[in-house]
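Notes follow once the structure below has been shown.
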Amino acid sequence: MDTLRLDLRQDATRQGIRAQLFALLDTAAIQGIQDAVGALAVSGGHCHDVGEVYALLDAQDLPDTVRQDAKAVYEILAQAEAAVHGCEVEQTHFHEVGNHEAVANVLQVCLAVAALGPVRVV
């Protein structure tokens, strides 16, 4: 795939983005992605800061590119939290985006993008 185009006008949530990506994949690819992060999504765990998220990502059996993409997503989230709360990135505290279901959603998106293999995303 040369260019992956996502439409965020209707639904820019992690679930909405995941749905758009899954619509482009076959059933086997979707099942593989869900299996890869299934236990994480239902674990009920929570990461309170970006360091805990990174440790959780490092503990997963993932391709390095997917791990780096997921870390980049959480770096952006941590920077946004820090800007809003007027603190350093290391002092941010995650609420909803730190639960394991949210981390699993981010990983599903990153795995789906990797499966599609676009040269660029717009």
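Of the solvent-accessible surface of the chain, computed with a 1.4 Å probe over protein heavy atoms with every protein chain present, carbon and sulfur atoms account for 54 percent. Dipole magnitude for the stretch 17-103: about 220 debye, using +1 per Lys or Arg Cβ and -1 per Asp or Glu Cβ, origin at the Cα centre. With the cut-off at under 17 Å, measuring from each backbone N in the stretch 91-111 to a point 7 Å along the Cα-to-Cβ line of Asp35 picks out 108, 111. For the chain, the square roots of the Cα gyration tensor eigenvalues, ordered a ≥ b ≥ c, give a/c of at least 1.5 with a/b greater than b/c, which places it in the prolate category. Oblate is the label for the stretch 78-122, because a/c, from the alpha-carbon gyration tensor with a ≥ b ≥ c as root eigenvalues, is 1.5 or above and a/b does not exceed b/c.
The values are calculated or read from the model by the stated rules, or taken from the named source; none is laboratory data. Every value quoted in this text rests on a predicted model; they were computed, and no experiment measured them. Quick reminder, even Gly has a Cβ in these numbers, built from the backbone with ideal geometry, and neighbours come from all protein chains shown. Only protein heavy atoms, including side chains, enter the accessible area calculation; ligands, DNA and RNA are left aside. Shrake-Rupley method; radii C 1.70, N 1.55, O 1.52, S 1.80 Å.
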